[in-house]
Amino acid sequence: MRRLCGLLGWTRWWQFVDEGSIEGAGQSVDPGAPVVVQLDGVRKAFNLGTPIETEVLHGIDLILPRGQFCAVMGPSGSGKSTLLNIVGLLDRPTSGRLLICGEDTTVLDDRALTRLRGLSIGFVFQYHHLISAFTAIENVMMPMLGAAHFPNPKMRERAASLLADVELSPWADTPVNQLSGGQQQRVALARALVMNPALLLADEPTGNLDSRSADAVFALLRRFNREQQMSVLFVTHNGLLAERCDRTIRVVDGVIGV
Amino acid sequence: MNLGWLPFEWIVAIRFLREGRLQTLFILGAVAIGVGVIVFMSALLAGLQSNFIRRVLSAQSHIQLVPSPEAPRPVLRDDASSLQAMQGSMIQAPLQRVRSIDQWQSIAAQIRAMPEVLVVASVAGGSALAVRGSASRSISIAGIDPADYFRIVDMSDKIVRGTSRLSATEMLIGTELAADLGLGVGDKLRVSAASGAAITLSVAGIMDLGNKGANQRVTYVALHSAQSLFGLPGGVTSLEVTVRDVYAAQTIAQRITRLTGVQADSWITSSAQFFAAVSAQTLANRAIRFFVALSVAFGIASVLAVSIVQKSREIGILRAMGISRGQIMRVFLLQGGLLGLGGSVLGCLIGAAALVAWQGYVRNADGTPLFALDFDPALFATALVLACITGIGAAYAPSLRAARLDPVVAIRG
């Protein structure tokens, strides 16, 4: 019966007693850890063991303290996105260690990595990647829904509050494909923040926006970074925006330059 | 817009299906047509078969008990010289006389006590010559107890003139024999057995058995009349049995033989060709249903495979936000199941509508339905369950593919 329920997605039906709980939001790792990201000698190679084996990251060491807003710059193909994918637990390093809030992720299995990613890391991409079948508020609720399995009123309240923060309350129930590019990116930002993550990874989130929208999105990122002491890795080609960050690292040919 | 009370996977599956409205409608239509064909064909063929069987078995019993045929028995002593003599001899098959079943009353009582048995009727039968004036016809006489026998062979719709009630001096004859001998209800007919015994009976009723040969030969008389005509005082030549499940007749016949020691033949062996035809039809029906179900499954699988390609970025971003592989897999399995369920509900309606239309338009010349169709709820329930299982099964491979998508590759597109 349990297996059947699992197959149908009802595994936690009987566990859903506390309607208000958003299971484990922000509780996967020590939220007060002084270092949010620590990379020790991280290497990443593709096509391992084949004649076309290519190493993209060559022993990256990086420490990102709690609450730091760090810009990542570098030319195309330098390994910025690969670095972000590894830090975001979407990809595994070929060697080296990655610690998120002190937890060594290299020893975790896929299930534990998925859970850690869902509860501790938020993503914003150059393209918004919103789910077109849902409205703005439903997209924001999605990570909470995935973690808790059942919708509840508190999820909606939290999502509505974040949409208010990004000044999109009037569009909460609008299908996302009816929003402008800047609005869509702000919905994506609210979605990335909804689990109150310890780390936000932003891969050129302003790259597709006009300068006014880009400024607005950056200002929001900075605001949440300061208010929630959330660490941010912000990939950008915009030197002006990078100057407004706490720190800038440059990735060149798979190593972090000065 | 409210997400309701459904779990995450259900919400996403339903929204994905709703978003690809046209695609969903097309595949629902395909599933519905497939299920409709299966439901319609199954009900039609079940109705057709039960009609065939009813027609065949309404004129005969399901099991017939007859005395074992007489076999040659050696009369020589069992020594070497006798054996030598036997080896050189010709063995002549004995004549099969009209014989009674020994202890038939106790055997009939034993069979009646079996829970699978509906009716047991005794028959004293044989061949005779019907003579009227200068005309004569060879006939087959069945001496029956109408109270029992007409529960096996329903005469109510076969009597065309007169009545099916039989007294000791009456008989029922077929329409062809009546025409050949110029007989009407109340006319007298002299019947002679091979032994030379003869009786004169009056025609109580004329029947149409639906077969020219049977209408020429088959006649019914009272049991006592046949017993005296064939020299079988108190004896019967066969016991006719009907059972609740006609398809279990062979097994029950074998049990009766073991229980009573009397040879019992079921309609399945005595009408072997008919049964083979019914079995072949059943097999063909199953094969058609299987291939229709297979095409439905491939339809669902192909639509989901396309949907996964279309939604790979969304799958990637769902994975990035902490949705597990299992959850992704369940989203697509549910889509398969929902397509199967939705399509089968529509399909059942289409099938039922087609059956109603069939009953309305395809009729006998007299306006009666060609045959009764069976709206079996179990057929519709089975179609629903099997379509859901087929949908989930068809969705398995695409779902696995979706669950295994590398989020990095999926997001990059």
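Descriptive notes on the structure:
- Any chance A:Asp91 is surrounded by fewer than 24 Cβ atoms within 10 Å (Cβ to Cβ), away from chain B (no Cβ under 11 Å) and more than 21 Å from A:Ala216 (Cβ to Cβ): no
- Residue check for B:Leu318: within 30 Å of A:Leu200 (Cβ to Cβ) and touching a helix residue (DSSP H, G or I) at 6+ places or on another chain (Cβ under 8 Å): yes
- Qualifying residue in region B:305-312 (condition: in contact with a Phe, Trp or Tyr (Cβ under 6 Å, 6 or more places away or on another chain) and touching a residue at least 12 places away in the same chain (Cβ under 8 Å)): no
- Residue check, A:Ile131 at the interface with another protein chain (Cβ under 9 Å from one of its Cβ atoms), among the β-branched types (Val, Ile, Thr) and under 30 Å from A:Ser76 (Cα atoms): yes
- Flag: B:Arg289 matches the condition of being at pLDDT below 85 and basic (Lys, Arg).
- Selection count, region B:360-374, where residues are surrounded by 12 or more Cβ atoms within 10 Å (Cβ to Cβ), among the charged types (D, E, K, R) and farther than 11 Å from B:Leu44 by Cα: 1
- Cβ separations smaller than 6 Å between residues 6+ apart or across chains give the following pairs from region B:221-240 residues that are farther than 14 Å from B:Thr200 by Cα to residues that are part of a helix (DSSP H, G or I) and of a type in the set (A, V, I, L, M): B:Leu239/B:Ala108; B:Glu240/B:Ile152.
- Whichever residue in region A:134-147 is under 22 Å from A:Asp203 (Cβ atoms) and more than 8 Å from every other protein chain (Cβ to nearest Cβ) and, among such residues, is surrounded by the most Cβ atoms within 10 Å (Cβ to Cβ): A:Val140
- Which numbered condition B:Pro69 misses (of (1) at pLDDT 90 or above; (2) more than 14 Å from chain A (Cβ to nearest Cβ)): (1)
- Flag for B:Ser266 being at pLDDT 90 or above, under 21 Å from the mean Cα position of the chain (by Cα) and not assigned by TED's automatic domain parsing to the domain that holds B:Tyr149: yes
The values are calculated or read from the model by the stated rules, or taken from the named source; none is laboratory data. Here the structure is a predicted model, which means the values were calculated and not measured. Using ideal geometry, Cβ is built from the backbone for each residue, glycine included, and neighbour counts are taken over all protein chains shown.
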